[in-house]
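The numbers here are math on the coordinates, done by the rules we state, and not lab data. Computed from a predicted structure; not experimentally measured. Cβ: placed from backbone, ideal geometry, glycine included. Neighbour counts: every protein chain shown.
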Amino acid sequence: MAGYNLEAIEAAPLKEDVDIVIPTIRSLDFLEQWRPFLKHYHLIIVQDGDPSINIRVPEGYDYELYNRNDINRILGPRANCISYKDGGCRCFGFMVSKKKYIYTIDDDCFVAKDPSGKEINVIAQHIKNLETPSTPHYFNTLYDPFRDGTDFVRGYPFSLREGVPTAISHGLWLNIPDYDAPTQLVKPRERNIRYVDAVMTIPKGVLYPMCGMNLAFNRELIGPAMYFGLMGEGQPISRYDDMWAGWAAKVVCDHLGFGVKTGLPYVWHSKASNPFVNLKKEHKGLHWQEEMVPFFQNLRLSKESDTAAKCYLELSKMTKEKLTEVDPYFEKLADAMVAWIEAWEELNPAVDGKDVKAK
Ligand SMILES: O=c1ccn([C@@H]2O[C@H](COP(=O)(O)OP(=O)(O)O[C@H]3O[C@@H](CO)[C@H](O)[C@H]3O)[C@@H](O)[C@H]2O)c(=O)[nH]1
Ligand SMILES: [Mn+2]
């Protein structure tokens, strides 16, 4: 175990409360390297592409694996809301989980090291982010005041120091950054080597590009809004799955009084997907994001929408009303958003306190 962070590994925080969701169209060999950190947790693997292919799960892991046939069987006609041939299929795993927290990771991500050379325990850091409050109403210039060795700075109103519950923890990536195809094309050799030791709350009213590569969230607070859209085969757009989920989930968090943190932990992203293929998949999204972002920036949810599921249904109506003029695709997406919520509610019948209401 030389080189491993034994203390953190032994901790395996909240192992009964966390599911790890992995979408894959490749192989799960990357899990070999993660074993010391992830072996204590339950995996939900969403196998994309040809369901007749048998994928090998490295030994020692406790897991459930779903392919397209399983998704069709479990969701019936609503299965159409789950993307095919796009990493967005991962949200099926969010729906079938019964745990409080989800950590989702791509199959080309590996354990990263901090500047001291210590291997980073991603789950421990995400759980720390999620279990401590966020501060979306006023920025703390020393970043997350709930980290060890820091606090609220002078001039921070005491009335705001309680913060709000954290719903989303967005981790980052060393090595291959999460660039769009045009940026990948002009900077093919760019690597992220900068480890920034900071976690911060994204302010209320500010949107961000959420990446699904290294992401954790509290599914009791925000699960129904973590829909990764309708992308991939048969759709005019791909690779905006996490963006759509991130914009929607952020406006829902802002409305319900939950927070979103970004920064730590890092993973090591090893494989650049092909920028020419990505350009083909993304090009409509590159245009549409100029309309989608203002749409999310300007919408106001009603006070009747006091749970993530209700907010999401209201959002589906707004999507149909406002974005269909951009492209008829958005009508299909809006219907898929409704199907997603119906399927979520069927698989996750509301019990008191589960469908968390706004404060
Ligand atoms: O058709 C597919 C394609 C991919 N997957 C699985 O999804 C993740 C991410 O795929 P990939 O590594 O190819 O994507 P990147 O360009 O590196 O990553 C970013 O693009 C996002 C948009 O989808 C993604 O979330 C980002 O992290 C891997 O596990 C693939 O196996 C798939 O299931 N189906
Ligand atoms: Mn990748």
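From most to least packed by mean Cβ count within 10 Å, the peptides 155-161, 167-173, 40-46 give 167-173, 40-46, 155-161. When the Cα positions of Phe152, Ala350, Ile71 are compared along the charge dipole of the chain, Phe152 comes out farthest toward the positive end, with charges on each C-beta of Lys, Arg, Asp and Glu.
In a reduced charge model with +1 at each Lys and Arg Cβ and -1 at each Asp and Glu Cβ, the chain shows a dipole moment near 500 debye about its Cα centre. Place a point 7 Å from the Cα of Arg56 along the Cα-to-Cβ direction; which residues of the range 102-123 have their backbone N under 19 Å from it? Residues passing the 19 Å test: 107-109.
Using C-alpha pairs under 8 Å with a sequence gap of at least 6, the mean separation divided by the residue count of the chain gives a relative contact order of 19 percent. If a/c stays under 1.5 just call it rounded; otherwise compare a/b with b/c (prolate if a/b is bigger, oblate if not). Do that for the range 242-323, with a ≥ b ≥ c from the square roots of the Cα gyration tensor eigenvalues. Oblate shape, in that a/c is at least 1.5 and b/c is the bigger or equal ratio. Toward the positive end of the charge dipole of the range 144-252, with +1 on the Cβ of Lys and Arg and -1 on the Cβ of Asp and Glu, the farthest Cα among Ser169, Met243, Pro182 is that of Pro182. Of the complete DSSP H runs in the chain, none spans 20 angstrom or more by Cα along the long axis with a mean Kyte-Doolittle score not below 1.6. Per residue of the chain, the DSSP helices (runs of n ≥ 4 H) give a summed -39500 (n - 2.57) that works out to -10000 deg cm²/dmol at 222 nm. Relative contact order for the range 29-134: what percent, with Cα pairs under 8 Å and sequence separation of 6 or more? Once divided by the residue count of the range 29-134, the mean separation gives 27 percent.
The alpha carbon convex hull volume per residue for the range 32-129 rounds to 122 Å³. Peptides 96-108, 112-124 ranked from most to least packed, by the mean per-residue count of other Cβ atoms within 10 Å: 96-108, 112-124. Apply the a/c threshold of 1.5 to the C-alpha gyration tensor of the range 117-259 and tell me whether it is rounded, prolate or oblate. Verdict is oblate for the range 117-259. Computed over the chain, the alpha-carbon pair-distance distribution with 20 angstrom bins reads 30, 62, 8, 0, each value a whole percent.
Length gained on full extension, Asp29 to Glu162: 43.6 nm, using 0.36 nm per residue less the C-alpha separation. In terms of Cα atoms, the Rg and Dmax of the range 207-246 work out to 10.9, 32 Å.
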